[in-house]
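Contents: one structure, followed by commentary.
The values are calculated or read from the model by the stated rules, or taken from the named source; none is laboratory data. This is a predicted model, so every value here is computed, not measured. All Cβ positions, glycine included, derive from the backbone under ideal geometry; neighbour counts span all protein chains shown. To get the accessible areas, we keep the full protein, side chains included, count just its heavy atoms, and leave off ligands, DNA and RNA. Shrake-Rupley method; radii C 1.70, N 1.55, O 1.52, S 1.80 Å.
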Amino acid sequence: MDIDIDMTRIPRHIAIIMDGNGRWALERGLDRTFGHKEGMDAVKRITTDCSNLGVKYLTLYAFSTENWNRPAYEVEAIMELVLNFFEMDLFHNNNVRCRFIGDFSRLSENVKKKIKYMEDTTAMYTGMTMVLALSYSSRLEIAKAVKQLAQDAKDGIINPSDINEKTISERLWTNFMPDPDLLIRTGGELRISNYLLWQIAYSELYFCETYWPDFKSEELLRAIASYQSRQRRFGKTEAQVEREAMEGLE
């Protein structure tokens, strides 16, 4: 099926909740870990597609702080996938920089070293930035930012009256990139699951039934087409947005 999209209106930043790996495997009579392995192939596929489309930032929810409560063997399997992730030529072939966000205090030293190696080795790439949210919690991220602001105020570095949305955003783990334009969740669930709560205040949301291992180029294009069919008003009226668009063409 042909899906027409406007290449001049590609989302600058796409965030994805990669859900459904475990259910994909269980429905095939496989262990849940096989779903995570298949999910890594989807990461490679969608990262390549987004890079080719001109997306500048792709943020993937790889592992939440709540996921530490899963069976130990599954957690170990996911971390092993992270350790082997760089074996793919994904970043080299697509000029993609890799970065990580999250609370790394619970990660093993091997995973921490791998994160640093991946970030350092891809730092020179100037195309898309692919961000993996690993051991990530949006509430924890916000709480840490608030604590830092409180300490800065106590130390006289900042005046409490100067605290605003900008100063909070600057202290979040995501301070190096713009907020997502489009948030995609696969797997059929209709919730955000503690992901980028501050950053998606005005993001367009797209939910689909497709499990992440089966999320292919066509589904990505469908999500972008849905995004492009919407009018992003940011609190303004439809008439205001249309008038500003017309003035921009003059």
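A few points about this structure:
- Amide H contacts of residue 20 (H built 1.01 Å from N, under 5 Å, at least 5 apart or other chain): 212
- Members of 112/216; 56/147; 144/216; 37/112; 56/114; 44/166 lying beyond 28 Å, as alpha-carbon distances in this model show: 112/216; 56/147; 144/216; 44/166
- Hydrodynamic radius of the chain per Kirkwood, over alpha carbon pairs, in Å: 19.5 Å
- Dipole magnitude of the range 148-193 about its Cα centre (Cβ charges: Lys, Arg +1; Asp, Glu -1), debye to nearest 20: 180 debye
- Ranked order, 8, 129 - accessible area, probe 1.4 Å, largest first: 8, 129
- At R0 = 35 Å, FRET efficiency that the Cβ-Cβ distance of residue 163 and residue 113 yields, to 0.05: 0.45
- Sites matching GluC sites (Glu not before Pro) across the range 191-223 that sit in DSSP coil, with at most 14 neighbouring C-beta atoms within 10 Å: 209
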